[in-house]
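K.L.:
Sharing a structure here in structure tokens format.
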Amino acid sequence: MKQKKLFFRKFKDRLIRLFSAGAVLLATGAMIWILFTVFQKGRDCLNLSFFLHPSKPFGMADGGIANALIGTVLITLGAAVIAVPPALLAGIYLSEYKDHQKFASFLRFCANVMMGMPSILVGLFVYMLLVVPSGNFSGFAGSVALAIIMFPVIMRTTEDMLSMVPYALRESALALGMTRTRTTLRIVCVSAKQGLLTGILLSLSRVSGETAPLLFTAMFADTWPTAYFTEPTANMPVLITEYATNSPFESMHTAGWGAAMAVTILVLAINLVTRILFREKKHVR
């Protein structure tokens with residue numbers, strides 16, 4: 001009887017390991033396939049001129065992605081300025097100030113709903129909130145849309161990272177006479193700074209490729225992004241969409257693949273740099 005039970009336990013263990021390995025191979029294979037396709041189709045147009053010249057209307061030669069790159073940086077940085085401070089404060093509140101559990105649970109529920117919300121709904125919301133009243137698409141409206149997407153990710157990451165800090169540090173700081181706020185900011189947040197920065201950078205890499213919100217807010221323009229608050233702003237996701245789906249010219253399809261390759265390299269670089277710079281260092285005794 002014991003041997004039979006042991007046999008079934010080993011069988012279940014091997015079966016789970018097999019399914020786990022299969023899932024990893026499937027995910028890795030899909031990622032490699034996507035990367036190979038993007039690099040294969042986009043490598044031909046990657047040159048210095050492609051990164052230094054702005055985009056041009058359909059049918060014109062020698063177009064680039066310089067204006068879209070700058071516009072994407074402006075929109076993403078604007079989203080970070082809007083989302084990061086309140087998201088960090090909300091995460092600190094959920095982790096450190098647990099006097100009102102019902103309110104904290106309500107905030108977590110709202111954050112979970114926001115994390116599962118389709119990004120196109122966020123774009124429509126900001127479209128009705130900012131674009132329709134002002135009568136203009138703008139890079140600022142795009143930043144607001146991306147900030148809404150970033151907010152719950154940073155908030156929950158902050159809560160999780162701060163919750164991993166040992167309570168002994170808090171108790172020691174309070175015992176030395178530090179106030180609760182000072183303990184939170186100078187001891188707890190500093191101890192978890194690597195996790196907080198990692199969460200912020202990963203949220204930035206996530207929204208850098210969002211297209212649906214920008215279609216309803218920032219839109220696109222073949223000009224340099226000089227009117228961030230009042231005019232449509234060029235950006236990489238919408239440029240890729242326009243070149244890949246709306247253009248009848250093969251050269252612009254190739255340029256779209258090149259732009260997709262540039263975005264892929266950017267996102268991969270952010271993820272790799274984040275993991276290298278903020279990885280946990282093992283202290284050898």
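The values are calculated or read from the model by the stated rules, or taken from the named source; none is laboratory data. All values derive from a computational prediction rather than experimental measurement. Because the Cβ atoms are built from the backbone with ideal geometry, glycine has one as well, and the counts that use them run over all protein chains shown. When the accessible area is computed, the model is the full protein with side chains, heavy atoms only, and any ligands, DNA or RNA have been set aside. Shrake-Rupley method; radii C 1.70, N 1.55, O 1.52, S 1.80 Å.
K.L.:
Six or more apart or on different chains, Cβ under 6 Å: which pairs go from a residue in the stretch 244-268 that's among the aliphatic types (A, V, I, L, M) to one that's in a loop (DSSP other than H, G, I, E, B)? Could you list them?
P.N.:
Close Cβ pairs satisfying both conditions: A259/I65; V263/G209.
K.L.:
Let me ask something else about it. Test A87 against the stated conditions and say whether it is assigned to a helix (DSSP H, G or I), under 23 Å from P213 (Cβ atoms), in contact with a Ser or Thr (Cβ under 8 Å, 6 or more places away or on another chain) and assigned by TED's automatic domain parsing to the domain that holds T184.
P.N.:
Numbers: assigned to a helix (DSSP H, G or I): yes; under 23 Å from P213 (Cβ atoms): yes; in contact with a Ser or Thr (Cβ under 8 Å, 6 or more places away or on another chain): yes; assigned by TED's automatic domain parsing to the domain that holds T184: yes.
Spelling it out, A87 is indeed assigned to a helix (DSSP H, G or I), under 23 Å from P213 (Cβ atoms), in contact with a Ser or Thr (Cβ under 8 Å, 6 or more places away or on another chain) and assigned by TED's automatic domain parsing to the domain that holds T184.
K.L.:
Which one of the conditions (1) among the acidic types (D, E); (2) farther than 30 Å from W224 by Cα; (3) open to solvent by 40 Å² or more (accessible area, probe 1.4 Å) does E96 fail to meet, given that it meets all the rest?
P.N.:
(3)
K.L.:
Next question, about the same structure. Which members of the stretch 65-93 meet the condition of being among the hydroxyl-bearing types (S, T, Y) and either open to solvent by less than 20 Å² (accessible area, probe 1.4 Å) or within 30 Å of F249 (Cβ to Cβ) (or both)?
P.N.:
T72, T76
K.L.:
Does D62 fit the bill of being in contact with a His (Cβ under 7 Å, 6 or more places away or on another chain) and open to solvent by 50 Å² or more (accessible area, probe 1.4 Å)?
P.N.:
It is true that D62 is in contact with a His (Cβ under 7 Å, 6 or more places away or on another chain) and open to solvent by 50 Å² or more (accessible area, probe 1.4 Å).
K.L.:
Among the helices (runs of 4 or more DSSP H) confined wholly to the stretch 185-277, which include 3 or more residues that are surrounded by 21 or more Cβ atoms within 10 Å (Cβ to Cβ) and in contact with a Phe, Trp or Tyr (Cβ under 8 Å, 6 or more places away or on another chain)? Even if it seems obvious, please write down each step before you answer.
P.N.:
Numbers: elements: 193-207, 212-216, 236-241, 250-277.
Fully inside the stretch 185-277 and qualifying: 250-277.
K.L.:
Where residues in the stretch 221-276 are among the polar types (S, T, N, Q) and farther than 19 Å from A66 by Cβ, which of them is modelled with the lowest pLDDT?
P.N.:
Among those residues, the one meeting the criterion is T274.
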